[in-house]
1. State in Å² the accessible area per residue of the chain; use a 1.4 Å probe, count heavy atoms of protein chains only, and round to the nearest integer.
2. How much length would be gained if the chain were fully extended between Lys89 and Lys55, taking 0.36 nm per residue of separation minus their Cα-Cα distance, in nm to one decimal?
3. Using a probe of 1.4 angstrom, how much of the accessible area of the chain is carbon and sulfur, in percent?
4. For the Cα atoms of the chain, what angle does the longest principal axis make with the long axis of helix 25-138, in degrees from 0 to 90, nearest 10?
5. Counting C-alpha atoms alone, how compact is the chain: give Rg to one decimal and Dmax as a whole number, in angstrom.
Amino acid sequence: MIIDATFWVAISFLIFIGVLIYFKIPQKIISTLNESINSIKDEVENAETLKEESKNILSEYEKKISSAKNEVKQMIATATEEADKAVLKTNEEFHIQMENKKKNTEERIKQMKNQAIKDIKNDSVKVSIQAVEVLLKNSLDKNKLNKIFASSIEDTKLAFKRKST
């Protein structure tokens, strides 16, 4: 029998396989692969857990943002309402002040008018008295003086009546 090279290759292959089995290399490879698989599974599960947590956190923050937006809208609405009230109140106070100033001014005008009428009456009386004095000094006739005096009194009475009304 002739032993050729393929025989020796087959024998060496069987010896190689035997050595691998003897040193439990396939089991070590399988356990290493299993460990790698388990490690990868753990990482995937951890990633999924982190993904779920991040989704939860994201939804919580979205709720908080939504709540904050609602609060801001409420605050703006409240501020707008308060500003409107303040404007109305200020406007009302302004009108009240203007009405009071108008009344005060009208009262001053009445007082000044009354004072002017009194001054005119006093001046009229003074002028009448001076006119009577001048007439008395210039006229010697008693009858003439009485007529002028009576007419001056009538004129003064008429002037007072016109100014009083």
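The values are calculated or read from the model by the stated rules, or taken from the named source; none is laboratory data. Please read these numbers as outputs of a predicted model, since none were measured by experiment. Side chains are part of the model used for accessible areas, which takes the heavy atoms of the whole protein and leaves out ligands, DNA and RNA. Shrake-Rupley method; radii C 1.70, N 1.55, O 1.52, S 1.80 Å.
1. That works out to 92 Å² for each residue.
2. Using 0.36 nm per residue and subtracting the Cα-Cα distance, I get 7.2 nm.
3. Here it works out to 62 percent.
4. It works out to around 0 degrees.
5. Considering the chain through its Cα atoms, Rg and Dmax are 61.6, 199 Å.
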